[in-house]
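Heads up, the thing below is written out as structure tokens.
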Amino acid sequence: MDIKKAEFLMSNTRFEFLPNDNIPEYAFIGRSNVGKSSLINMLTNVKGLAKTSVKPGKTQLINHFLINNEWYLVDLPGYGYARTSKTSRERWQKMIVDYMLKREQLVNVFVLVDSRIPPQNIDVEFINFLGQNGVPLSIVFTKIDKQKQREVAATVNQYHHFLAEIWEELPEMFMTSSVTRYGRDVLLDRIAEINKTLVNRT
Ligand code: GDP
């Protein structure tokens, strides 16, 4: 997929205020520092479209970017800040649970995980929460340029191992690097492919 246009539409703090249209949404989420903003900027070819690392304590926002006038890339607030307050964690949880379970336009969630880090409870729990609620998801391994191929493969294998405990069929997985731009075409082509099935359905 060529990205002809990528524009920021709006930021929201509340599920109730999200855009009220029928444009399909692809959400991106992961632990803070996983490389989410870098990946969004790499995918869209717009430097600074997604702002890097919002510091804990700042408002947690759902950001909508309209791509090619055709689909929304939704940048969700990250999880796992070490220093967030309980209130802020609860607010995040309500917002994300609402979004994941009620957002009809949501087509797929891309859960970002750092390819250098073995599966963490918080990631596996989040992936399992989506799976158990029937929310379609893919796993995106980030920063693969930072280590050798076999080391990336080892992390991926660990995910296979953890997820196989409760998943019959494992989610789709993507390898990416925002530095080398590896994985960009494959991921965007996958979105294009899904979009096509949505158009054909109506
Ligand atoms: P976010 O908090 O998930 O939005 O993460 P950022 O996009 O701000 O990235 C966190 C840090 O990881 C920054 O220092 C980035 O430069 C670095 N980073 C992000 N993606 C990559 C990548 O693909 N390769 C490398 N080498 N560094 C990356």
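The values are calculated or read from the model by the stated rules, or taken from the named source; none is laboratory data. Treat the numbers as computed from the prediction; the structure is a model and nothing was measured. Here the Cβ positions follow ideal geometry from the backbone for every residue, glycine too, while neighbour counts run over all protein chains shown.
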Pull up segment 57-67, narrow it to residues that are surrounded by 15 or more Cβ atoms within 10 Å (Cβ to Cβ) and assigned to a loop (DSSP other than H, G, I, E, B), then point me to the one that is modelled with the lowest pLDDT.
GLN60
Screening THR155, THR180, THR197 for residues that are of a type in the set (Ser, Thr, Tyr) and surrounded by 16 or more Cβ atoms within 10 Å (Cβ to Cβ) leaves only THR155
Only one of ILE122, ILE127, ILE139 is under 15 Å from the mean Cα position of the chain (by Cα) and surrounded by fewer than 16 Cβ atoms within 10 Å (Cβ to Cβ). Can you tell me which?
ILE122
Can you tell which of PHE126, PHE141 is within 15 Å of the ligand (Cβ to nearest atom) and either assigned to a helix (DSSP H, G or I) or modelled with pLDDT under 95 (or both)?
PHE126
Just to be sure I understand, how many residues within segment 144-174 are of a type in the set (Phe, Trp, Tyr), out of contact with any Leu (no Cβ under 6 Å at 6 or more places or on another chain) and modelled with pLDDT of 95 or more?
1
LEU170 is checked against (1) within 16 Å of the ligand (Cβ to nearest atom); (2) without any contact (Cβ under 8 Å) to a residue 24 or more places away in the chain; (3) aliphatic (A, V, I, L, M); (4) not in a helix (DSSP H, G or I) and fails just one. What number does that condition carry?
(1)
Of all residues being under 23 Å from LEU187 (Cβ atoms) and among the polar types (S, T, N, Q) in segment 90-108, which is surrounded by the most Cβ atoms within 10 Å (Cβ to Cβ)? Just the residue, please.
ASN108
So which residues in segment 91-110 are more than 19 Å from PHE17 (Cα to Cα) and of a type outside the set (A, V, I, L, M)?
ASN108, PHE110
Hey, ARG31 over 24 Å from ILE139 (Cβ atoms), modelled with pLDDT of 85 or more and not hydrophobic (A, V, I, L, M, F, W, C) or not
no
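Confirm whether VAL74 is buried (at least 20 other Cβ atoms within 10 Å of the Cβ), within 15 Å of the ligand (Cβ to nearest atom), at pLDDT 85 or above and not in a helix (DSSP H, G or I).
yes
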Look through segment 84-123, keep the residues that are part of a loop (DSSP other than H, G, I, E, B) and within 16 Å of the ligand (Cβ to nearest atom), and return whichever of them is farthest from GLN158 (Cα to Cα).
THR84
Tally up the residues in segment 1-36 that are over 30 Å from ARG116 (Cα atoms) and assigned to a strand (DSSP E or B), please.
6
